1. Among the residues of the stretch A:61-78, which ones are under 12 Å from A:Cys184 (Cβ atoms) and either open to solvent by 50 Å² or more (accessible area, probe 1.4 Å) or aromatic (Phe, Trp, Tyr) (or both)?
2. Please find, within the stretch C:1-22, the residue that is least open to solvent (accessible area, probe 1.4 Å) out of those that are in contact with a Gly (Cβ under 6 Å, 6 or more places away or on another chain) and at pLDDT 90 or above.
3. Of everything in the stretch D:94-127, what is more than 7 Å from chain B (Cβ to nearest Cβ) and of a type outside the set (A, V, I, L, M, F, W, C)? Give them in sequence order.
4. For the structure I just gave you, tell me whether D:Leu215 is touching a residue at least 24 places away in the same chain (Cβ under 8 Å), farther than 23 Å from C:Val86 by Cα, open to solvent by 10 Å² or more (accessible area, probe 1.4 Å) and assigned by TED's automatic domain parsing to the domain that holds D:Tyr35.
5. Does the stretch D:128-150 hold any residues that are more than 14 Å from chain B (Cβ to nearest Cβ) and not in a loop (DSSP other than H, G, I, E, B), and which are they?
6. Taking only the stretch A:38-53 into account, find how many residues are open to solvent by 20 Å² or more (accessible area, probe 1.4 Å) and either among the small types (Gly, Ala, Ser) or part of a helix (DSSP H, G or I) (or both).
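The values are calculated or read from the model by the stated rules, or taken from the named source; none is laboratory data. Model, not experiment: these values are computed from the prediction. Note that each Cβ is placed from the backbone with ideal geometry, even for glycine, and that neighbours are counted across all protein chains shown. Just the protein is used for accessible areas: all its heavy atoms, side chains included, with ligands, DNA and RNA removed. Shrake-Rupley method; radii C 1.70, N 1.55, O 1.52, S 1.80 Å.
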Amino acid sequence: MTLELRHVSKRVGAEMYIYESSLEFREDGFNILLGTTLAGKTSLMQLMAGLERPTSGEIWFGGKNVTGVSVQKRNVSMVHQQFINYPNFSVFENIASPLRVARLARAEIDRRVGEVSEMLRLTPMLDRRPSELSGGQQQRTALARALAKDSDLVLLDEPLANLDYKLREELRDELPRLFRDRGCTVVYATSEPTEALLLGGYTATMHEGRITQFGETATVYRQPADLLSAQVFSDPPINTATVTKQNGRFVLSEAVSWPVSGNQEALRDGRYAVAIRPHHVTPFAQEKNDVRIEGRVLVTELSGSESVVHFDLGGQTWISQSHGIHAFEVGASASFHVDTGQCMYFGDDNELLAA
Amino acid sequence: MRRFTWLVPTLYILFLMLPIYWLLNMSFKTTNEILGVFTLWPREFTLDNYRKIFTDPTWYNGYLNSLSYVVMNTVISVTAALPAAYAFSRYRFLGDKHLFFWLLTNRMAPPAVFALPFFQLYSAVNLFDTYIAVALAHCLFNIPLAVWILEGFMSGVPKELDETAYVDGYPFWRFFVKIFIPTIAAGIGVAAFFCFMFSWVELLLAKTLTSVAAKPIAATMTRTASTAGYELGLLAAAGTLTIIPGAFVIYFVRNYIAKGFALGRV
Amino acid sequence: MSEISLRELRHSYLETPQADADWALKKMSVDWSEGGAYALLGPSGCGKTTLLNIISGLLTPTEGEVWFGDKNVTNMPPDQRNIAQVFQFPVVYDTMTVYENLCFPLRNRGIPAAEVDRKVREIAAMLDLDEMLPRRASGLTADGKQKISLGRGLVRSDVNVIMFDEPLTVIDPHLKWVLRSKLKELHQRIGTTMIYVTHDQTEALTFADQVVVMHEGTVVQIGTPVDLFERPRHTFVGHFIGSPGMNVLPCEIENGTPLFAGQPIPVGHAIAHRDGAERLEIGVRPEFISFAAEGIPVEIVKVSDAGRYSIVDARHGEHVIKLLVPEGDSLPAESAHIHFDPGHTQVYADGWMVN
Amino acid sequence: MATKTQNSRAWLFVLPVVVLVAFNALIPLMTVVNYSVQETFGDNVFFWEGVKWFEQVLHSERFHASLLRQLMFTSIILMIEVPLGVAIALSMPKKGIGVSVCLVLMALPLLIPWNVVGAMWNIFALPDIGLLGRMINGLGIDYNFTQQPGAAWFTTILMDVWHWTSLVVLLAYAGLRSIPDAYYQAAKIDGATPWAVFRFIQLPKMKRVLTIAILLRFMDSFMIYTEPFVLTGGGPGNTTTFLSIDLVKIALGQFDLGPAAAMSLIYFLIVLLLCWVFYTLMMRHEAQ
């Protein structure tokens, strides 16, 4: 069953939570909502769940208009960022609760709870209360409840954000496997671009209540529709600058320019915004399309396997991310190499013109 | 200096206990001893005062009457306050702020002001001298209090718990009773304690609204004091007994009391 | 400023600790050199906050001594130790303005007003707080408040050490970058010893020159981020640091060479046969495994695109080995051979590295 | 949407409370308003009197006197109970069995019916058979609260302090407990003196509960009736006749319904006004 938002918007008082958006979600993989804290991911999920009614527009699910259908009748599950479980129920009862509400036979409930608790390695703690579990186990319980219900729509609202970093890695690996072949639509909200990439599937980038792009995750990452989408989908932040196209070259400054190539030739001469991801700006020469730029080093962060250097380029902070250890003195001038083949050019409305 | 901080609460508690001790002391004395000689502890120790209270129906009925309307009021106040507190903590609706303030103003109405109108009102609806009359009248100041305390506790429960339950398919009332109420059990305990306490200690309205059938113990005492002359020992014994139910209740909620105040909004 | 040394330290929260598990901190001696940027890294419950509180003087160790330079400060209260600490949740004095907050530690020490004013303005400029100085501290956002906490530590020129207890917990994800870089920059500017406690490897590795990794009350390794990355002394370090963590595979030793899956794995130096060890393993990071014409035969089971690189899960028998393939490199077909870089493959006996 | 949901059905949830409270609050209030503008000579015969009673009450010296006494009493007990309660809360144990013992024992006075409190203190303070009376006289001070106005005031105030300080203690203690340890640790590291800790951490964090404490104590002491009535009966003379006592004397004792009702309303409005001012100030502060 497909979930579709048709011209949906949400306003509370004078505040716009979601600007008019349309979106058709996919069933063959995670649908990821990527954006910062106030981008509107949670608000959008509340609309999809039926916890809130859209101010305008319709929500269609499985070919039916469900806009006015109450949440209880929608067969959805939801997992929140905070570990939400019923404190007065045991882990077993927590997982079983949606099934009990649906009045399933006891044997069926036992079977399903047994199955998902085995999958999520919760079997030994079925008799405990949620408060006696670690954070990871509490979140597993919440996930198990969503899985056991076997609903048509699963909403995961930053489910891993409050977990320790290693646990997050582990669960992130498991999640797509858990929901595979269940025939349900999964929507997953996150604020971390890397998480979106690793989960694969489809991604919608969100910014201040607007969906800026939707498509296959890798496509959205590599071919952002506009500058905003590129910025949302970049960690560390994407480098941007203004360039002028003239005489078949892009000119960044007097000393720095590079030749136009491929589909960029169709662009008219003039000013464009250029964006390039930090890992295409390196302290060492690139194999192809190498252009050297000079910047003043602000900070160097060495993480063992890679170096992240923040440097000042004509008043803007740029970031270089590279493999290996490259130490720089703070305040010193240093040269970096840009792989201009990876540059993305945006026009006046910030839409992607050429890459 | 840190070493002597325990002195302050100890001295304070000592000060609190002195009058109570004197009451207790007197309750074990005979009237002769009380009026005759000044003694720091009972010389002629007697249980007669207590025996009288437990055998004389006018006395022990007073206790039962008081307990009846207090329990009734506690149940009514907490039950009515639960959904209201939920609404205040979860929803925004027309006039919510003003309503909250209006509720609180009723704690500010001096009972002395309203004693007579109360008598007329409850006589008019034929409830004079019944438990329910006192129980309902005490709602005036206990419901706002209960709403206030419960709202504080409820605001401490994440809204996502409600959402999770609705998503799981729980209809509102089933969620409210099966999940939400157990979650804020501590808050209900604290609210019930305060309702019990204020209903138990209030006398003016309770006395105004009753004559015989529902007469509270505190009123029985005043009558005794005036009609039977000064049977001080008996009075002291009755007074001592009024402390017990409250002490009992506070023991059960002692761990939550501090919390109950800290939450809550104004 | 002075060197800090912990000598034969041991701590238990119990009155009479008996079993090994009763000790929150197992016996350790650690020296922190003057002006260093340290991170104390470990999962929750590993004892890092205990260690921090012992250094700051909020806790007196059960055994052992704490020395600041040539002074034994073991029993000295925190205010006499000349230290500063930033807590997980921002601590600001609500009724004071930002300016007064920053003055507070100086005024308490009776420093002349002119000096206080100069110092406060200097620090405020560094933290970009200048414009907020006259504002009430209570109205600020979490990151603003955390900056104030930071500032209160930084205004004092006489501090021996500034300690940070997971200071970025409450900061919005996209602001973490900014504050983390700010910290690093500040360290490079003022050069006070800093100890940064965290469970997040990225924060630890990017901030610190030296990382102290803790596990179950023990310091398992102290080293530069490069050390931890290239030569983890313990499999825990290998697993905990790096995303994904190190591959740990069972092995046997024959003629000084470890064998995995019947194949010799060259490790650059001879390994003496270890009879005493119960468990022999080789460890190699995903970064140091590559596809090769020959080597260990594997089957590719999963490829996750992480943008800059892909994480490939390759299966050999019952073992899944993860390797990283840079963006743009082509992947072999389903079955392939992999090769471990001998310079970055270690042998571990019972978890500890064998030299 | 972290904020609350807009929901007009929420009124249904509030309805039972509104009905119960309105029944008890509005009907009697209307009765009082009705009386306040009429004259009665018994037998349920009423005459319209307009604002005559209000004028009479507002100009009555008797009302002025009892209002003044009331204000004095309330300010004195606030000035004693609030600092004392805070001081006790500050010195209370932070954990262990001591907490329970302190809380239970301290809450005891709050649980005693108000007339019993009065009766108890009456017995306790009597110069002949009371422990307190005996003790004070034993110190060589002539003390008899049934005869001396000063002694009567002293006893009434001491009784109120005994009865209600614990409420302030409980509230202040709850406020103190909600301060995270990190604040104390930060203050230690910043080298703050104990006074600075109190001034900049404890007091600001207690502000909310202390406002509630002051509000509650203000309201309750302003409406006090039973305890002083049982203790002193308003005497000697009228020296401890507070507003409520005076009001009941007029309403029941002299059956002057009109003036009593007018006085009630004025009285109610005073309490309401002061509380409203308090409430708005606090809300504005919170909004900042």
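1. Restricting attention to the stretch A:61-78, the residues satisfying the condition of being under 12 Å from A:Cys184 (Cβ atoms) are A:61-62, A:75-77.
A:Phe61, A:Asn75, listed by residue number.
2. C:Leu9
3. D:Lys94, D:Lys95, D:Gly96, D:Gly98, D:Gly118, D:Asn122, D:Pro127
4. Judged against the criteria, D:Leu215 is not a match.
5. D:Pro149, D:Gly150
6. So the answer is 1.
Residue by residue, here is whether (1) within 11 Å of the chain's Cα centre (by Cα); (2) at negative phi; (3) open to solvent by 20 Å² or more (accessible area, probe 1.4 Å) holds:
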position	(1), (2), (3)
A:Arg182	no, yes, yes
A:Tyr202	yes, yes, yes
A:Glu208	no, no, yes
A:Thr219	no, yes, yes
A:Ser234	yes, yes, no
A:Asn239	no, yes, no
A:Thr242	no, yes, yes
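Yes or no, residue by residue, for (1) within 21 Å of D:Gly133 (Cβ to Cβ); (2) without any contact (Cβ under 8 Å) to a residue 60 or more places away in the chain; (3) more than 8 Å from every other protein chain (Cβ to nearest Cβ); (4) in a helix (DSSP H, G or I):
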position	(1), (2), (3), (4)
B:Thr10	no, yes, yes, yes
B:Pro19	yes, yes, no, yes
B:Met26	yes, no, no, yes
B:Thr39	yes, yes, yes, no
B:Pro42	yes, yes, yes, no
B:Ile53	no, no, yes, yes
B:Trp59	no, no, yes, yes
B:Leu64	no, yes, yes, yes
